[in-house]
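Below is one structure; the comments refer to it alone.
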Amino acid sequence: AGLLLAVAAGGRGSPAGDQESPPGSRFVCTSLPLDAAGAGCPLPPVPMQGGALPPEEELKATVLQLRETVLQQKETIGSQREAIRELTGKLSRCEGTDGKSAGTWKNEVGKGKDTMGDLPRDPAQVIDQLSRTMQTLKDRLESLEHQLRANVSYAALPSDLREMLQRRLGDLERQLLSKVAELEDEKSLLHNETSAHRQKTETALNALLERVSELEKGNSAFKSPDEFKVSLPLRTNYLYGKIKKTLPELYAFTVCLWLRSSASPGIGTPFSYAVPGQANEIVLIEWGNNPIELLINDKVAQLPLFISDGKWHHICITWTTRDGMWEAFQDGEKLGTGENLAPWHPIKPGGVLILGQEQDTVGGRFDATQAFVGEMSQFNIWDRVLKAEDIMNIANCSINMPGNIIPWVDNNVDVFGGATKWPVETCEERLLDL
């Protein structure tokens, strides 16, 4: 509830909000009962109890009514502060007159009755009282909101429904986290692929720029020790190349080389390895219309290779003494495999490696009908069986992998009888053949 003060001026019933009264006017201060209704101090509406609405709806309605009450109290406090300040000024004028005037005023309006005894003298007390009332209403509002949340969360929802909602929320959270993780992984993969592609592109461009610079300078020297080819243009018994380095004792090997044959029928002998007492220790030969053959210790295996079309081809042959297992690769693809080729026979050391001719004795007695005619490059030998992916990468020119037993370097190859060495980039020439 609130308190209202009405002030009458000089018995003429002038309202308290009139302009300042002329000198000699007097004010009558009258107290109103607490139950008097006033527009400036509305009572909070009382929520209906026991109605047809469910408890949750009643609580919501009560909360809304209390919120409206708090807003109205705030507006009331603001308006009453102005009224209190105005009344305080007028009360000060009432109390500021001398005793005689005060007595006369009392006799005129109330026969000496003190009408201010029911009101607090200090306006701060009124404000404090209203503040306490508003705080009480706020506390009640918070209590009702808390009770409403509790009722809606637990009383209104069955336990099965709560558990189902919790499970669904947990599933949604896990799905969200999984999706975030997938997006992060995709982002990381995309970044790595983009970086790798950019690096590969930059490497290729740099290589092309270097090559163009060399061509512009007219430099005919070898770009590196392994970028050259041996050319054997005629089918004779005196054109050949020789590897200066010999082989150690081997229990397995891989031989890879680039070939471009320019004669038919048969490509002849790309390479042969002879040791004292065995001229056919390792031989790769295609003689006449026969298939390509691999000889180890004079034992023969036919290879499913087809390289007599006048184009560059990458050839790899692997062998191991264990059960005599062999594999044949052409342009990175495995075309054949077999076993029982000179099983448990180690390759003997200290022999001679010849390019382009078949040896009947160590280092000599060549037969022109078995000579290779064409070009070869990148002749490398390893003392182990290379993996298929390594062979594929070598054939695709994606890696440079020189042999650990016989590497293809310029100072390890001598040519005789009119055979020549020329600078070449085999991968570039292969692209011209496509």
Computed Rg/Rh of region 271-409, alpha carbon atoms with Kirkwood Rh: 0.93
Spin-label model distance (nm) - residue 194 vs residue 163, 7 Å beyond Cα toward Cβ: 4.9
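Calculate, for residue 171 and residue 401, the FRET efficiency according to 1/(1 + (r/R0)^6) with r their C-beta to C-beta distance and R0 56 Å; round to the nearest 0.05.
Values: r = 52 Å, r/R0 = 0.93.
That gives a FRET efficiency of 0.60.
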Members of 244/311; 200/245; 60/179; 187/387; 187/334; 200/242 lying beyond 30 Å, as alpha-carbon distances in this model show: 200/245; 60/179; 187/387; 187/334; 200/242
Within the accessible area of region 234-331 (1.4 Å probe), percent carbon and sulfur: 50
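Order the peptides 171-182, 311-322, 409-420 from the highest to the lowest mean number of other Cβ atoms within 10 Å of their residues. It would help to have the intermediate numbers written out before the result.
Values: 171-182: 10.0, 311-322: 20.6, 409-420: 15.0.
Per-residue Cβ counts within 10 Å, averaged per peptide and sorted highest first, yield 311-322, 409-420, 171-182.
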Ranked packing of 58-68, 230-240, most packed first, by mean Cβ within 10 Å: 230-240, 58-68
With all protein chains modelled, accessible area of residue 298 [1.4 Å, Å²]: 80
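Please give the per residue accessible area of region 164-219, computed with a probe of 1.4 Å over protein heavy atoms only, in Å².
Details: 5290 Å² over 56 residues.
Accessible area per residue: 94 Å².
So, counting K/R as plus one and D/E as minus one, what does the shell of residues with Cβ under 13 Å around residue 338 add up to?
Within the 13 Å Cβ shell, the charges total -2.
Using only alpha-carbon positions, what ratio does the radius of gyration of region 228-319 give when scaled by 2.2 N^0.38 Å? Walk me through the numbers before you get to the answer.
Numbers: Rg = 13.4 Å, N = 92, 2.2 N^0.38 = 12.3 Å.
For region 228-319, the normalised Cα radius of gyration comes out at 1.09.
For residue 254, what is the net charge nearby, where nearby means another residue's Cβ is under 14 Å from its Cβ and Lys, Arg count +1, Asp, Glu -1?
Numbers: positive: 334, 384, 387; negative: 327, 383, 389, 390.
That works out to -1.
Take the Cβ-Cβ distance between residue 369 and residue 421 as r, set R0 to 41 Å, and report the resulting FRET efficiency rounded to the nearest 0.05. If you can, show how the numbers build up before the last one.
Details: r = 25 Å, r/R0 = 0.61.
My answer for the efficiency is 0.95.
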Cut-off 15 Å between beta-carbons: net charge of the residues surrounding residue 185, Lys and Arg +1, Asp and Glu -1: -2
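So, by mean Cβ neighbours within 10 angstrom, what's the order for 372-380, 284-292 with the highest one leading? Display every interim value, and only then the final one.
Details: 372-380: 23.2, 284-292: 16.7.
Highest mean packing first, the order is 372-380, 284-292.
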Directionally averaged shadow of region 164-219, computed from the convex hull of its alpha-carbon atoms, nm²: 3.4
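The values are calculated or read from the model by the stated rules, or taken from the named source; none is laboratory data. Quantities reported herein were computed from a predicted structural model and do not represent experimental measurements. Using ideal geometry, Cβ is built from the backbone for each residue, glycine included, and neighbour counts are taken over all protein chains shown. Ligands, DNA and RNA are excluded from the accessible area calculation, which covers all protein heavy atoms including side chains. Shrake-Rupley method; radii C 1.70, N 1.55, O 1.52, S 1.80 Å.
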